[in-house]
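Scroll down for the structure; my scribbles are underneath it.
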Amino acid sequence: MSINSWISLILYVLAAPFIGGALTGFDRWLSARMQARRGPSILQSFYDVRKLWQKQNLVVRSSQNFYVVFFLIFVIFTGGLFFAGVDLLMVVFALTLAAIFFVLAAYKTSSPYSFVGAERELMQMMAYEPMVLLTAIGMYMVTKSFQVDAIARHSGLLVLVLPGVFLGFLFTLVIKFRKSPFDLSASHHAHQELVRGMTTEFSGRTLALIEIAHWYETVFLLGWVYLFFASLPWLGVLAALAVFLLMILVDNAFARLKWHALKSAWVVAAVLGFGNILILSAFKA
Amino acid sequence: MTELVLTLIVAPMVCALGLFCLRGKGGGTDWIRRVLVVAGVLVVCVASVMLAMGRGGGQSETRPSGSVFLQNGVGLHVLPNHHDAIHWGIMAIELLMAAYVLYVGIRSKKWFIVILMVAQAGLMGWFELTMTHGGGGEILKVPQDLFVDKFAIIMALINGLVGGGICLYALGYMKDYHAGSGHKDVADRRSMFFTLLFIFMGAMFGLIFSNNLMWLFLFWEITTLCSYLLIGYTRTPEAKRNALRALWMNLLGGLAFAIAIVLLQRQTGATELQEMLKLASNKTILLLPAALLCFAGISKAAQLPFSNWLLGAMVAPTPVSALLHSSTMVKAGVYLVLRMSPIVTGTGVGLIVAVVGGVTFLIGSLAAITASDAKRVLAWSTVANLGLIVLCGGVGTYAAVWAGVLLIIFHAVAKCLLFLCVGVVEHKLHSRDVDAMSALIVKMPLVGGMMLIGMAGMFLAPFGMLISKWAVLKAVVDASPSLSLLVVFGSSATLFFWVKWMGKLVQTVGIPDRIRHELHAGEAVAMCGLTVLTFLACVLFPLISLIFIEPYVDGLPYSNVPRELLGSGNVTIMILMMGMVMLFPLSMLFRSRGGGVKIVDPYLCGANVEGSIKFVGSGGTVETMAMNNYYMRNLLSERLMMGWGSAFCTVILAAMLAVMAVQACR
């Protein structure tokens with residue numbers, strides 16, 4: 001690992017929660033404006049976490065919080081790998097591992113609502129995983145490398161050769177950010193049928209850790225969006241922000257779908273992602 | 001080395017003979033059986049480990065000039081002076097087996113079996129007679145009937161350690177099996193059972209080490225017959241039906257095998273596996289025999305048109321399932337496909353074999369989601385993983401073969417462990433439904449923990465199978481990107497069914513009772529051993545790759561060897577990750593009780609009754625809470641997927657063979 005990758009790794013670990021927290025706060029503010037409400041301050045997420053930190057920690061099973069701690073550790077690890085510039089497939093697998101810890105945490109709580117949330121989260125993972133892997137494969141086919149730093153150094157604008165993959169990736173981002181119409185497993189707003197989904201039985205510090213993990217995750221995923229535009233850094237940052245705005249817009253514009261709709265994710269992956277890759281390999285041959 | 005290899009083949013057979021002669025019931029018989037089994041297993045384990053360590057006479061001594069086939073293969077002479085006796089002995093065994101299969105076919109009125117057997121026996125009989133007498137009598141003699149190379153050593157280790165473990169496990173398991181209430185109507189034929197287990201193991205060793213294709217074929221057919229007998233152990237109508245299905249499907253593969261041998265001999269004069277590989281570049285001649293051998297491998301490895309037989313095989317007692325799924329039988333199929341990969345790589349045959357494997361992987365993984373019977377989930381997962389290995393064999397590049405061998409290792413240990421766990425759980429909980437295994441980690445912490453380790457080994461980063469899946473993905477992307485579609489969709493489906501099972505194990509409602517006396521001695525030895533093996537395989541895989549797999553793949557005729565397979569940086573990260581995951585069980589063990597948390601009841605809309613188990617329903621009645629997994633049966637139909645998948649694979653396989661036959665005739 002070069003010195004640069006160490007720097008970006010450390011920057012990620014230190015700065016991501018602040019950026020992620022601010023983005024989440026911005027999300028809440030903008031969503032409120034879209035719904036003609038005043039909304040909270042942009043710093044509200046930080047206030048929330050501080051408040052949660054002081055609350056009593058209620059659990060159903062005494063070991064459930066361990067899973068969440070490991071979820072957080074592996075989310076940070078995943079993002080760290082990504083920003084250190086290692087193998088993209090490795091990053092995907094680490095991400096999956098982190099998500100599995102979260103799902104197991106929800107199973108461990110042994111409450112019906114978190115159980116339903118966990119099952120749905122698994123469904124969502126199954127829905128987005130192929131497209132995420134295809135994204136990595138698509139990037140590999142263009143840049144001849146799975147290494148994130150090599151992909152970032154590629155001279156061409158990846159999004160131009162991988163438009164289908166990019167659109168498919170955006171689709172999975174909606175699932176990954178748990179935004180409507182795919183907020184099936186742990187909605188940001190309590191719903192009658194799901195209560196709070198996977199996080200129903202988590203409280204106090206543990207819930208704060210889950211929030212922080214989501215901040216890290218947000219930054220990591222936007223970093224991946226940046227990778228599509230990496231040859232023009234300023235465009236990459238703009239694109240990542242634009243994608244985040246798009247997610248907020250989609251969240252507010254759509255109602256939640258039934259889980260059967262997750263079929264669409266596979267169709268999108270097969271048509272957009274794989275179609276793009278097929279065309280690429282046809283050109284190569 | 002010759003002695004070691006012969007020991008591995010003969011010792012289980014001798015043991016089987018001893019077990020066969022052991023009749024009568026009661027404590028004495030039981031005791032002798034236990035001694036025999038333990039002794040047999042010990043011999044096999046020690047011999048296979050010694051072979052792996054390069055003991056037994058040293059390699060240089062048994063490598064006379066001119067008998068080095070490939071870079072790492074060593075040919076072995078077996079009793080050169082008694083060649084004719086061995087030849088006639090083999091003929092006699094083949095005839096006996098053929099007669100028995102004919103008898104089975106006629107008795108059960110399965111004419112298809114009779115036709116297949118007659119065709120196969122007729123072909124082989126005609127071939128052997130014309131070759132030995134009409135053709136001068138010397139043609140079928142090959143200088144080295146057996147051989148050893150790194151791949152064979154890996155297979156031998158798997159067969160010895162995993163297969164041996166299963167035999168130990170079976171001691172306690174079969175006792176419970178016949179003592180329990182569930183199998184009162186099943187006749188206690190344990191002598192037969194253990195005899196077959198050992199014959200099976202010996203035949204598998206023979207199959208691994210055979211260089212002479214006639215020998216390979218003999219052992220191939222022995223495993224077919226053994227699996228038929230073992231699947232039908234309980235003699236229930238279902239068991240009989242499934243056993244017959246396994247028999248005809250494998251006989252079809254056997255017929256393809258026989259045709260391949262005849263064609264190969266007619267066209268090249270060779271009846272040796274290594275001779276065949278040496279000619280690998282001569283694709284026009286070798287492609288048809290190789291395609292037929294791949295077909296035989298596909299049928300034995302339960303790939304899609306043939307998956308039914310392996311699913312049906314779960315009617316047998318659990319040790320049989322474990323044996324069929326992990327160390328023998330299906331592994332023989334993928335072994336042959338991987339052996340053929342240098343010949344089929346880059347050809348249409350390779351592509352079709354790869355597509356069959358890929359489609360099987362995808363459909364097997366999806367079908368596993370719909371299954372709630374733990375054994376069925378495992379069976380589908382085996383089918384799927386074998387699909388992945390067959391895919392590797394079909395792609396056949398350097399990286400693909402490497403990944404395929406790695407998959408064989410990880411799959412064998414982890415899957416065996418899981419089967420053994422399910423067997424124990426079935427005896428204790430009297431159910432093997434995944435939903436019934438809720439809170440297993442509290443009820444049976446040892447077995448539950450082992451199960452979690454096995455599952456982690458099956459799919460989770462950074463453990464075994466995932467490493468291989470990763471390698472497969474890279475290999476496939478480089479060789480033919482379109483196949484990657486099958487791999488990515490299939491692997492995300494595996495995620496779903498494994499995690500929901502893991503979730504069930506840790507989920508704990510109320511305060512379940514701890515089950516006392518989880519394991520018998522034999523079961524404990526086998527399962528602890530396998531857990532350690534699973535763990536070691538994951539930790540030491542770079543070493544395994546360096547010592548065994550890479551030398552093997554290096555010896556294959558490849559021109560473009562990739563610079564690095566996974567990259568040393570990635571291996572470092574993986575080991576780091578493994579360390580981090582290990583912290584998890586450790587932190588569980590050493591956590592402070594209480595730990596500043598307050599334990600409350602789960603949220604049941606504020607209508608909890610009796611803590612977390614019951615609640616007041618909408619009608620004012622008290623309801624019991626229940627949580628069952630998603631099986632998505634309204635989206636995925638096992639029957640439909642299997643039907644379409646089988647139809648598709650049948651069509652492409654038939655088309656492949658037909659096209660090749662036409663080409664050969666020209």
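The values are calculated or read from the model by the stated rules, or taken from the named source; none is laboratory data. Just so it is clear, the structure is predicted and the values come from calculations on it, not from any experiment. Cβ placement follows ideal geometry from the backbone for every residue including glycine, while neighbour counts extend to all protein chains displayed. Accessible surface areas use protein heavy atoms only, side chains included; no ligands, DNA or RNA. Shrake-Rupley method; radii C 1.70, N 1.55, O 1.52, S 1.80 Å.
Descriptive notes on the structure:
- Separation of alpha-carbon centers, region B:509-572 and region B:328-342, rounded to whole Å: 19
- In a reduced charge model with +1 at each Lys and Arg Cβ and -1 at each Asp and Glu Cβ, region A:1-104 shows a dipole moment near 580 debye about its Cα centre.
- In straight-distance terms, cross-link reach from B:K184 covers every one of the lysines whose alpha-carbon lies under 24 Å from its own, apart from those fewer than eight places away in the same chain; here that gives B:K25, B:K175, B:K240, B:K375, B:K428.
- Cut-off 14 Å between beta-carbons: net charge of the residues surrounding B:N634, Lys and Arg +1, Asp and Glu -1: +3
- Surface listing: B:T318, B:T2 arranged by accessible area from highest to lowest gives B:T2, B:T318, probe 1.4 Å.
- Among the protein heavy atoms, those of A:D87 account for about 0 Å² of accessible surface (1.4 Å probe, every chain in place).
- Using the Cβ of A:V49 as centre and a radius below 14 Å, the other residues enclosed give a net charge of +3, where K and R count +1 and D and E count -1.
- Accessible surface of B:K278 - all protein chains present, 1.4 Å probe, nearest 10 Å²: 110
- Share of carbon and sulfur in the accessible area of chain B stands at 65%, probe radius 1.4 Å.
- Rounded to the nearest 20 debye, the dipole size of the protein assembly as shown about its Cα centre is 1560 debye, using +1 on the Cβ of Lys and Arg and -1 on the Cβ of Asp and Glu.
- Per residue of peptide A:94-107, the mean number of Cβ atoms on other chains within 10 Å of the residue Cβ is 5.
- Inter-probe distance in nm under a simple model that places probes 7 Å from Cα toward Cβ, at B:K184 and B:I511: 3.5
- Threshold 20 Å² - residues in region A:48-71 whose accessible area is reduced by that much or more when the chain is no longer isolated, probe 1.4 Å: A:Q56, A:N57, A:L58, A:V59, A:V60, A:R61, A:S62, A:S63, A:F66, A:Y67, A:F70
- Heavy-atom accessible area per residue - chain B, 1.4 Å, Å²: 35
- Toward the positive end of the charge dipole of region A:3-284, with +1 on the Cβ of Lys and Arg and -1 on the Cβ of Asp and Glu, the farthest Cα among A:V268, A:F115, A:F93 is that of A:F115.
- Evaluating 6.51 cos²θ - 1.76 cosθ + 1.60 at θ = phi - 60° for every residue in region B:313-319, the Karplus couplings come out as 5, 6, 5, 6, x, 3, x Hz, glycine and proline recorded as x.
- Positive-end residue of B:L19, B:L495, B:S431, charge dipole of the protein assembly as shown with Cβ unit charges: B:S431
- Shielding by partners for peptide A:35-43, expressed as the average number of C-beta atoms from other protein chains within 10 Å of each residue's C-beta, is 0.
- Other-chain or far-sequence residues with amide H under 5 Å of B:D433's (modelled H): B:A374
- Shape call, chain B: gyration tensor on alpha carbons, a/c limit 1.5: prolate
- Within the assembled protein chains, the solvent-accessible surface assigned to B:V10 is about 70 Å², based on a 1.4 Å probe.
- Against the criterion of solvent-accessible heavy-atom surface with a 1.4 angstrom probe, B:L440, B:L129 sort, most first, into B:L129, B:L440.
- Rounded Å value of the spacing that divides the Cα centres of region A:191-259 and region B:589-666: 27
- Within region A:3-284: Cβ-based charge dipole about Cα centre, in debye rounded to nearest 20 (Lys, Arg +1; Asp, Glu -1): 460
- Buried area at the A-B interface (accessible, heavy atoms, 1.4 Å probe, summed, Å²): 5700
- Backbone amide hydrogens, once placed in the peptide plane, bring A:V59 within less than 5 Å of B:K598, B:I599, B:V600, excluding anything fewer than 5 places away on its chain.
- One Cα centroid belongs to region B:193-243, the other to region B:6-54; the line between them spans 17 Å.
- Note on B:K283 and A:F254: with the Förster distance fixed at 56 Å, the Cβ-Cβ geometry gives a FRET efficiency of about 0.55.
- Using θ = phi - 60° and Karplus 6.51 cos²θ - 1.76 cosθ + 1.60, couplings along region B:408-421 (whole Hz; Gly, Pro as x): 4, 4, 5, 5, 4, 6, 5, 5, 4, 4, 5, 4, 4, 4
- Other protein chain Cβ atoms within 10 Å, averaged over every residue that makes up B:501-509: 6
- Cα-based shape type of region A:1-77, given that a ≥ b ≥ c are square roots of the gyration tensor eigenvalues and the cut on a/c is 1.5: oblate
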